[in-house]
């Protein structure tokens, strides 16, 4: 098969530009060649996996044979393509492309909105999946506006992701994730609720609390030592709330999720995904060992860390500046991992499940329940 990738496959921006050109000209055959065989496309009506499913989506899209994009840029590790589309609330269509080796390995369809109230001209990136109404979308944006009213630092960009499950038996069916980019930092919130309204309320409450805590810390730093001869010390300003809801242990449930990492990634690729998706940690299957590995941010050491289940092989490449945690990953059952999480101070436990002999990560969710991340190819 003829290789239709651009000659400069190392430049994701060039790949995105060619992708947009092929979409606009209606060259579907060439467009499909730019996707990885099992690439997922996240849309408002669900996830399309593989070239046949993605082709069907684009065949029905008004962007096929449509106008040229208004802008193609790189942001937060992905290529972003935007089109001007006449709509309410100054909405434009947008898509984010995760590109590796000249191929699209994952894609998200979304919207970019410019609000006219508290956020002014600050771009608010809004993406969604499931049955999200215009009212839900506007409610989430207005909640962010209210929560950021007391912000005393310049906000550069706001991203909101809203997902809704049609499964009536699923607890907390609507989830919301927001990232507020600030010069010199960021505020992140990850919440859920039984309804869209409940999730929106939780989002506003969580962001508002973080704004209040951040402002208090700034005030303490600016005025430390004033009047009483004391000096500021690390830990003087304690958070007003824990990072998760203090749910009683007997009420906690374990929610299982699969890692989004493609099978056979290297450390650099995993770090790229960790950074671009704003995760705190990321489970992947290392190409060099065939075993699970974990990368995460270490805020205290201001570095990234990687740890390998079963150890690192001789041909495993750990990028410069990344700390290799050489400790053995314990092989325990889920109950023991849960006990370690409850008594320890770490935000997660990386372990080899004694039943499946695969690497898992157990962590405390924002709602007080437990979350467990398993490999993407683990059986359901």
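The table that follows gives values for the structure above.
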read-out: In the range 30-59, the residues that are modelled with pLDDT of 85 or more and surrounded by fewer than 13 Cβ atoms within 10 Å (Cβ to Cβ); value: 37, 38, 52, 56, 59
read-out: Any hit, the range 331-340, residues being under 18 Å from residue 273 (Cα atoms) and assigned to a loop (DSSP other than H, G, I, E, B); value: no
read-out: Meets criteria (at pLDDT below 80, closer than 22 Å to residue 131 by Cα and outside the structural domain of residue 271 (by TED's automatic domain parsing)) for residue 89; value: yes
read-out: Residue count for the range 324-357, restricted to those that are in contact (Cβ under 8 Å) with a residue 40 or more places away in the chain and closer than 18 Å to residue 267 by Cα; value: 1
read-out: Residue that is modelled with pLDDT under 95, surrounded by fewer than 17 Cβ atoms within 10 Å (Cβ to Cβ) and touching a strand residue (DSSP E or B) at 6+ places or on another chain (Cβ under 9 Å), where the choices are 299, 269, 326, 355; value: 326
read-out: Selection status of residue 3, in a helix (DSSP H, G or I), at negative phi and either more than 23 Å from the chain's Cα centre (by Cα) or at pLDDT 85 or above (or both); value: no
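Results for (1) at pLDDT 75 or above; (2) within 16 Å of residue 363 (Cβ to Cβ); (3) touching a strand residue (DSSP E or B) at 6+ places or on another chain (Cβ under 7 Å), shown as yes or no for each residue.
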| residue | (1), (2), (3) |
| --- | --- |
| 210 | yes, no, yes |
| 224 | no, no, no |
| 232 | no, no, no |
| 235 | no, no, no |
| 257 | yes, yes, yes |
| 290 | yes, no, no |
| 309 | yes, no, yes |
| 313 | yes, no, no |
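The values are calculated or read from the model by the stated rules, or taken from the named source; none is laboratory data. None of the values given here were measured: they were computed from a predicted structure. FYI the Cβ positions are ideal-geometry reconstructions off the backbone, even for glycines, and counts take in every protein chain you see.
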